[in-house]
Structure formats: structure tokens, C-alpha cells
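Read the structure below first, then the notes.
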Amino acid sequence: MCEPPNSNSSSSGKEDRHSTPNILICESDERFFQSLYEFIGHEKQYLQCPEEGPDPLRYSVYRSVFSQVIARATTYRRLLLTIKSGYDDVIRALQRREDEARTAQRAVAASTSHPKSLITCQRRAAQLRERIFVLQRDTAEVQEEIRRQKSSRGQSTWIPGLTVAESEDPEALDRHLKHLEAQRAALLDRKRHSVSLEVKDELDATLQAAEHRRDQLSTENDRLKVLYERLTFVSGRLSGWEAEKQQVPLEELLGSTLENVRQPNTTDEDARSIDAELFEDDEPTGVDESRLLTDYLDRFMELFDSAQYEDAALLAARSPRGVLRSLDIMEMFKGVTGPPGAVPPLLLFFQALLTTVSAGDRLSAALSLEAVRCVLQHGATQLAVHAVAHNRLTFSEDLGDVLTEHAQKNPGVADTCLALTTVAYEACGLRRKTALSMCRRGLIHSAAEFMSRCRDLTAEDCMWVLCRSPSLSLLQLLTEPQRRQVAILSVGVACSTLLADPQQQELALQLLDSFVSRGKGALEEVILEDSGSSVDVWTSVASLCSDLNRADLTQAVLSTLLDQAGTRVLSPDLEGARLMDHVFL
């Protein structure tokens, strides 16, 4: 604990005070170290310590200061105590050696006449020099380790997966330790359910033999199907020959028939029809079916219990008659978790269902809903697109609502989800929700055309779509006659309904302003051709415009109504016209 050589106490204090702020944490620590510097200077002056060279008094002062630092420290107290103990041991060893050296010197001085004592002292001096060399070498190694540790502080990470700051944070270290322990437990659990390499090799060999046998049987099956087709063709020709009363000689018939048989004209459709005819009763029934299902279930439980969730999901997806494609099996996958960082077991189950089930073999409505909800939750939107494209889902209104909600929360996949929503709603016959989905995708003209084709859509349904997807373009398309003589929506009814809704008033005003902007007489023509609204409806529109401080629109509507003092009707629909003789005083 002595001062560095070639420096006095004042210069040392200045250097310490210059370097200290780099390691201080708060102002209280700075005041504490400042008091220590003052204490060191006062004690050195009081004890009259020499400016240079080792001195027991200076060691006592710094030893007391170091003890105060240890008493204040919390996190590194044990490390500082260890360092202090090491320094004390070294100081005591040096003092003991100095005492031994002085004793030896006195012994040499007392017995200079004995050459044996001189030899002993020389031998002891050599031992001490060797010991000093060892200590110097160890000191150099310790200094190199300290330098390496200091240089490593500039690295980006201290512990793999943690930053330098987290490596010094006990709470972060505890969290990281728990995470590592969870990973270790998961790996040990997976290892417990695994089999040895010898068993795996045996199973692989058995599987390869079964696949080889399957290929052989498939080849033989193809040969027999071709033979069946040829025999069926020959039988049909012979039956026709007998029905035609043998008009062609048998030899000529057989010659042409065999010539046709030799030509490979079997198509895929023919092969499928042959398979359907030959093997329509080939599925197991009775005891065989029960045994097969039992084997499937046992194999599934074996894979599931051994945490081989991907293989278990594939086995469930390919189960005969879809017995394992149920909500109960889904709940089993939902109730377990895989290793950290792995694909969730529930997603593996639905991924297997949506990719391996044959096209047209749809999942149940409840299972389809859960499948879509799961794949959307994990960001696998393309898997839902694949399922819809291959007709593997049973559509429902709830499924469409889930897709709509996901589209609203995730703008990045909104268009894809809304396209799927449109397919789902249209399959369920939900016309207005189908139109709403198209509007939300920006397909305004397609939505208007779709609503014009749907004869069962009412004006209330159109207003429902318009209120949930406000658009001036859509309102104009719905209120203007297109391919039909009468518009889908009445202008007066639409404006009256929208003006009564505080959130939709601006849309109605924009529509009326668009009529006025077309020029003189445009609004009058719209009102007179609006066969779906009575004068009372347009009077209500004028009143609502007046409430909104739109006197120009109010005056334009009322002037048109006041001009109709007779029976003037411009609408081509004379029977549906509701502008009657009204006189406004």
C-alpha cells in the first residue's frame, strides 16, 4: 500500500483526484473520496512520513483508508477484502524476510570467522533471489491479466447474449440464468424422450424396407391397372360384337382390338376412375378398421408424449377418415409448449392440416376458425391464403370477422386479409359484408356493381355499407342510374339519413355540392328524377341543411320544390313518382 516511486504525496493526490471522476457513480461517492484524500494528507503530515521510499507509517495510513473503502462498498466488498488480504500477506512476508535478513546479517557479523556460516548465507541469498524471480514472474502475469480484462471492457458483449451493462447487473444476470436453466431443462426433457442411435438406425432400416416394399407394390399395382383396362376394353368390344349379331368376323375384331390395346392411351382421369372402381371397397372396415385406428392413436400418443410434435401433427393430419383432425387433438397441442425458439406445437398442427389435407377435404367450421386465428396470430398469412386457394376451410361469418379484425390491426397484410374476407363472406351468402370488404380494399366500382347485381340487397343494407365505409364515389355510384333505370339508392333518402347522422353529415353535403357544381338546373333535375323520395323527404333535407348553416343548399332545394306548383314530373318512372301537387305558401 505504499505510494508510487518518484512522486510526492501532493502530486499523487492530484493524479488521484484527476482520475477519480471517471469511476464515480454519484456525488456522495465523490465527497467520500475527497474526505479520504484530505485524511491521507493530514496523517502523512502528522506522522511525518518520508517523501520517498517504503515506510511502515505510510502503509498504516493507506491500510486504514482501504478499510474505509471496503466498509462503504456493497457489491464488490468480498473482492476488495480478498485484495486487501493478499496485500497484507505480501507485506507480512516482506517484513518477515527483512527480519530474517537482519538476523542473518547479525549472525554473519557475529561469526565471520566461520566459513560454513558464510556458505549458508550465500545459499540462502540464492534461494531468496530465486523466490524474487518467481514473484516477479507471477506479478507480470497478474498485470497482463489485469490489462486484458480492462481491454475487454471495450467489447460489445461480456457474456454471450448480454451486453456489458447487463453483465454487471445482478437482476439481468438472474434473468439470464433462469433463461439458461429453462433451456437446459427443455433439452434434458427432450433427451429423456429420445431414443438411442441404435434404435433410430433400426427404425430407419425398417422404414427404408417398408418404402422399398411400397414402391414394388406400386409398380405391380400400375401393371395390374393397365391389364385391367385392356381386359375391360376387350370385354366391351366382345359384348358389342355379340350385340351387333356378329356382323364382323371374330378374327378381324380381335385383330383391331389387340391393335388398339397395344396403344398406351390411358389418361390420368382413366387411372383415377379405375382406382375408384377397383378400390372403392378397399378401405378397412370392422375389426381391421378398429385395429388400424388403434395403431394410429397409439403411434400418435407415442410421438406426442416424446415431444415430437411435428411428426405427431403430420400423423394426425393424415389419419384415416380424419379421426385425429378434431378440436380435442387441437386442445392437446394448445396445452403444450415446445423448446425455446422453436415453432409452437399448435402452429405445427394447423400447418400440417392445411398443407397435407387433400384439396376439397375441408376442415370443420370450428377447426377452420381456430386454424385461421392461429396462423394469423403467428404471422403466417400465406398459410391462410394457401388453405383458401385449395378449398380446405369451411367458411363462416366468425371466420370472416377474424380476418377483418386482423386486417384492421395489421395494415401490412390488410389487403390480403380483406381479400380472404370477401371470399369467406361471399361463400356464406353475407352480401352486405362482402360489399363492405370490397370497399375497404378500395374496390369501390366493383362493390357498387356487386350490390347492383344482388337483388336481395335492400336500401338499408346499402346504407349500412355506406356508413361503415364512407366514400363520395360510392355514394355517387349508388345514387346515379347506371345499367338499370332506377338508382340503387334514392338521393333524398340517402341525404336525409346521412344528414341525421353527425358523423356522416359531411358526406351528404359533398354529394349535394357536387350536384350544384354541375351547373344551373342540375340539382333540380336530380330532385325531380328522384322517384324514391317524396316532397316531405326533400323538405327534411332542406331543414337539416339549414341546421348546418348551409343556406345555399336549403334555398336551392326549397326553390325547386316551390317551383312544382302543378303536376310536373320529369322522372321516367311515372308510376313511382311521388312529387305531387303541393303549393308552398
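With each label point set 7 Å from Cα along the Cα-Cβ vector, what nm distance links THR103 and ALA522?
11.9 nm
In nm, to one decimal, how far is the VAL69 label point from the SER358 one, both placed 7 Å along Cα→Cβ?
If labels sit at VAL69 and SER358, their model points lie 8.1 nm apart.
Tell me, what is the FRET efficiency for ARG455 and ASN410 to the nearest 0.05, using R0 = 30 angstrom and their Cβ-Cβ distance as r? Could you put the intermediate results ahead of the total?
Working: r = 35 Å, r/R0 = 1.18.
With a Förster radius of 30 Å, E is 0.25.
Run down the aspartates and glutamates and flag those whose C-alpha is under 18 Å from the C-alpha of LYS334, throwing out any fewer than 8 positions away in its chain.
Output for LYS334: GLU302, ASP305, GLU310, ASP311, GLU370.
Quickly work out the GLU51-to-GLU141 label distance, labels modelled 7 Å from Cα along the C-beta direction, and quote it in nm with one decimal.
Distance between label points: 4.0 nm.
Would you please put 493-502, 539-548, 189-198 in order of how densely packed they are, using the mean number of other Cβ atoms within 10 angstrom per residue and starting with the highest? Kindly include the intermediate steps, with their values, before the conclusion.
Details: 493-502: 19.9, 539-548: 18.1, 189-198: 10.3.
Ranked by mean Cβ neighbours within 10 Å, highest first: 493-502, 539-548, 189-198.
Round to a whole number: what % of the accessible area of the range 405-530 belongs to carbon and sulfur, probe 1.4 Å?
With neighbouring chains kept in place, the figure for the range 405-530 is 47 percent.
Give LYS84/LYS150; LYS84/LYS178; LYS409/LYS433; LYS44/LYS84 a once-over and call out the pairs whose C-alpha atoms are over 25 Å from each other.
Cα-Cα > 25 Å for LYS84/LYS178; rest within.
Of the peptides 40-52, 56-68, how do they stack up when ordered by the mean number of other Cβ atoms within 10 Å, highest first?
56-68, 40-52
Could you tell me how far the Cα centroid of the range 289-311 sits from the Cα centroid of the range 500-546, in Å?
Between the Cα centres of the range 500-546 and the range 289-311 lies a distance of 69 Å.
Return an integer: the convex hull volume of the alpha-carbon atoms of the range 325-441, in Å³ per residue.
Here the figure is 94 Å³ per residue.
What FRET efficiency comes out for the pair ASP552/ASP501, r = Cβ-Cβ distance, R0 = 22 Å, nearest 0.05?
For ASP552 and ASP501, the calculated efficiency is 0.55.
Taking 0.36 nm per residue of sequence separation and subtracting the Cα-Cα distance, how much length would be gained by fully extending the chain between ASP295 and GLU181, in nm to one decimal?
Here the answer is 37.4 nm.
What's the center-to-center distance, using Cα atoms, between the range 212-229 and the range 348-404 in Å?
Cα centres, the range 212-229 to the range 348-404: 36 Å.
Where the eigenvalues come from the Cα gyration tensor of the range 22-71, what are the semi-axes √(5λ) of the equivalent ellipsoid, largest first, in whole Å?
Values: eigenvalues 110, 25, 17 Å².
Here the semi-axes work out to 23, 11, 9 Å.
The values are calculated or read from the model by the stated rules, or taken from the named source; none is laboratory data. Treat the numbers as computed from the prediction; the structure is a model and nothing was measured. Please note: Cβ atoms are built from the backbone with ideal geometry, for glycine as well, and neighbour counts cover all protein chains shown. SASA here: full protein model, heavy atoms, side chains in, ligands and nucleic acids out. Shrake-Rupley method; radii C 1.70, N 1.55, O 1.52, S 1.80 Å.
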